[in-house]
Each structure stands twice: as C-alpha cells, then as structure tokens.
Amino acid sequence: MSTKTAPKPAATADWDPALLERPRIAPNVEIHAPLETGAPWVLQRGHHQHFRLQPDMARLVRAMDGSLDHTGLAEVLGPPWTAHHVSTAVHKLAETKVLDDGKPAERRSPGSGSSRR
C-alpha cells in the first residue's frame, strides 16, 4: 500500500489534474472585501449565492489566479498555510464549484441576469 498520495475525492476525480495543481477561481466567482471593520469577507458565486469567508480563506481564494501551485500559494500566503492545507482547501473549493474546472460556462436561461460588472 502506497502512502505517497491520497486518493482524489470523488467530486474532483474527473478534473484535469493541472487545473487542481494550479487553481484559478471560476469566472462567475468574486471576492468582496469587508464593508466595515469586523464584517466578513464574502465570496459571491453567480448572482445570487453569497458565502462568508474567514480572512485566511479569502486570502487564499484571492491568490488563486492559476499561476501558482500549492507550494507557491503556501509560500506567498505564509503561516498558517502549508502546501497540505492549500491542497485540502483546493479540493473543497473545487467540490463547491468555486474553482475554474475548464469546462465552458453553462448556458443561462433568458433573463437570468448574466451581465458582468
């Protein structure tokens, strides 16, 4: 039994490994800084889904532009991030459709408000 790599979670098993190794946020995802002191960071997916993020997770997501691998992201972010922590977060973010999966954007129905800022 090999202990070198953990099996891929089922939700990301069909992903191109290169997209997970150098993650990039999906085109329909935006990160919003806190509006006031003490307010949370907010991740917006599409037009109607909003999720609160802890500051460290917001820093990670903002750094995901496809140019850095997990080790590079951990180095840029510094503590508490390690390559292992980044890898775990990448797979969780991929499962929740926050990362670019390389597939064409789904067609939107008329009137779905598909305009971009």
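The values are calculated or read from the model by the stated rules, or taken from the named source; none is laboratory data. The shown structure was predicted, so the numbers you read here are calculated from the model rather than taken from an experiment. Using ideal geometry, Cβ is built from the backbone for each residue, glycine included, and neighbour counts are taken over all protein chains shown. Only protein heavy atoms, including side chains, enter the accessible area calculation; ligands, DNA and RNA are left aside. Shrake-Rupley method; radii C 1.70, N 1.55, O 1.52, S 1.80 Å.
Sort out which residues of the stretch 11-30 are part of a strand (DSSP E or B) and open to solvent by less than 60 Å² (accessible area, probe 1.4 Å), and write them in order of number. Matches in the stretch 11-30: I25, V29. For the stretch 41-68, filtered to residues that are part of a helix (DSSP H, G or I) and of a type outside the set (K, R), the residue that is farthest from P17 (Cα to Cα) is P55. Restricting the stretch 31-67 to residues that are among the charged types (D, E, K, R) and closer than 24 Å to P79 by Cα leaves a set whose member that is surrounded by the most Cβ atoms within 10 Å (Cβ to Cβ) is R59. Scanning the stretch 69-97 for residues that are open to solvent by less than 20 Å² (accessible area, probe 1.4 Å) and not in a helix (DSSP H, G or I) yields one hit, G78. Of all residues in the stretch 67-87, count the ones that are out of contact with any helix residue (DSSP H, G or I) (no Cβ under 9 Å at 6 or more places or on another chain) and within 11 Å of D56 (Cα to Cα). The total comes to 2.
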